[in-house]
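The values are calculated or read from the model by the stated rules, or taken from the named source; none is laboratory data. Given the structure is predicted, the values throughout are model-derived calculations rather than measurements. Using ideal geometry, Cβ is built from the backbone for each residue, glycine included, and neighbour counts are taken over all protein chains shown. These accessible areas exclude ligands, DNA and RNA; they are computed on the full protein's heavy atoms, side chains included. Shrake-Rupley method; radii C 1.70, N 1.55, O 1.52, S 1.80 Å.
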Amino acid sequence: MNLLESLGWSADRAPAPDPSLLPARVAAQHPGLFDLFTGHGPLRAMLRGNLIDDPPVVGDWVWVRPLGDQ
């Protein structure tokens, strides 16, 4: 079992809206930044797009695009 599965993720949960996105779980919230758990290890993320007005909270599932994939 990988880290995301141990946190409750299942591929049946939701299809990726874009194949370049990774599922992640919000682990911690900081001013303007979020710590995330992904299947590739921990990431630190900033919000973009429509999430700025309605940010996720700790425990939420989000889709992320690693910076190298911009």
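Residue-wise test of (1) open to solvent by 90 Å² or more (accessible area, probe 1.4 Å); (2) in contact with a strand residue (DSSP E or B) (Cβ under 6 Å, 6 or more places away or on another chain); (3) basic (Lys, Arg); (4) part of a loop (DSSP other than H, G, I, E, B).
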position	(1), (2), (3), (4)
Leu4	no, no, no, no
Ser10	no, no, no, yes
Arg13	yes, no, yes, yes
Phe37	no, yes, no, no
Pro42	yes, no, no, no
Pro56	no, yes, no, yes
Notebook entry, point to check: Out of curiosity, is Val64 at pLDDT 90 or above, in contact with a strand residue (DSSP E or B) (Cβ under 6 Å, 6 or more places away or on another chain) and hydrophobic (A, V, I, L, M, F, W, C)?
Noted result: no
Next item on the list: Tell me which of these Val58 doesn't satisfy, since it passes every other one: (1) free of Cβ contacts under 8 Å to residues at least 40 places away in the same chain; (2) within 10 Å of the chain's Cα centre (by Cα).
Entry: (2)
Note to self: Cβ-Cβ distance below 6 Å, separation of 6 or more or different chains: which pairs start in region 15-31 with a residue that is over 8 Å from Val58 (Cα atoms) and small (Gly, Ala, Ser) and end on one that is modelled with pLDDT under 90 and assigned to a loop (DSSP other than H, G, I, E, B)?
What the structure shows: Ser20/Arg65
Notebook entry, point to check: Quick one: in region 17-35, which of the residues that are among the aliphatic types (A, V, I, L, M) and closer than 12 Å to Arg65 by Cβ is least open to solvent (accessible area, probe 1.4 Å)?
Noted result: Ala24
Check: Name the residues in region 44-54 that are surrounded by fewer than 14 Cβ atoms within 10 Å (Cβ to Cβ) and in a strand (DSSP E or B), would you?
Finding: Arg44
